[in-house]
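Visitor: Quick one: structure below, then a few questions.
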Amino acid sequence: MATEQIVKWPFGPASEVALTATGAQALTINNDLTIIDGVSVEATGNRTLNLTIDSNLNAGARLIVKSKTNGTETTICGTGITGPTVTGVAGKTKVFEAVYDGSAFVVVGTAVQID
């Protein structure tokens, strides 16, 4: 099976990945900047981020995770990402960033509420 070739950020666009409303989220990360959109579909239950990381991903790659919740649903770091669970606030969006250290993504700050 042929591997899809992408022009990685900063020479190409960031990748965008959408979350579903609830449950385990199986996401493949293959770009040096990926925006995880958990706003277009608001969380109605807890979400767990389970990442499959491309073997050619560069250390220093970044994830921007945006999550809007219906209530106090949580965003949980699962496979491939280490960090605290983020608890939502009804109708609000929280954003956090993670950086790839060569083996997994590590959350590098506290989630910020942006609205």
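Visitor: Would you mind working out the magnitude of the charge dipole of the chain relative to its Cα centre, with +1 at each Lys and Arg C-beta and -1 at each Asp and Glu C-beta, to the nearest 20 Debye?
Guide: 200
Visitor: Something else about it: Once amide H atoms are built 1.01 Å from N in the peptide plane, which residues 5 or more positions from T82, or in another chain, come under 5 Å H to H?
Guide: Distant-sequence amide H within range of T82: F105, V106, V107.
Visitor: What's the center-to-center distance, using Cα atoms, between segment 88-115 and segment 20-66 in Å?
Guide: Cα centres, segment 88-115 to segment 20-66: 11 Å.
Visitor: Work through the residues other than L19 whose Cβ is under 14 Å from its Cβ and net out their charges, Lys, Arg +1 and Asp, Glu -1. Don't skip to the end; give the middle numbers.
Guide: Numbers: positive: R47, K66, K68, K94; negative: E16, D37, E42, E73.
Net of charged neighbours comes to 0.
Visitor: Which order, highest average first, do 27-33, 107-113 follow once you tally other Cβ atoms within 10 Å for each residue and take the mean per peptide?
Guide: 27-33, 107-113
Visitor: Probe of 1.4 angstrom, ligands and nucleic acids ignored: what's the accessible area per residue over the chain, in square angstrom?
Guide: Solvent-accessible surface per residue comes out at 53 Å².
Visitor: Would you mind telling me the share, in percent, of accessible area of the chain contributed by carbon and sulfur at probe 1.4 angstrom?
Guide: 53
Visitor: Compute the convex hull volume of the Cα atoms of the chain, divide it by the residue count, and report the result per residue in Å³ as a whole number.
Guide: About 100 Å³ per residue, rounded to a whole number.
Visitor: Have a look at L51, V95, F11 and report the one farthest towards the positive end of the charge dipole of the chain, computed about the Cα centre with Cβ charges (Lys/Arg +1, Asp/Glu -1).
Guide: V95
Visitor: Considering only DSSP beta bridges where both residues belong to the chain, give the percentage that are antiparallel (nearest 5). Intermediate results must be reported in sequence, preceding the final value.
Guide: Numbers: 14 of 38 bridges.
Looking only at bridges with both residues in the chain, the antiparallel portion is about 35 percent.
The values are calculated or read from the model by the stated rules, or taken from the named source; none is laboratory data. Here the structure is a predicted model, which means the values were calculated and not measured. Positions of Cβ are backbone-derived with ideal geometry, glycine not excepted, and every protein chain shown enters the neighbour counts. Remember, those area values only see protein heavy atoms, side chains included, never the ligands or the DNA or RNA. Shrake-Rupley method; radii C 1.70, N 1.55, O 1.52, S 1.80 Å.
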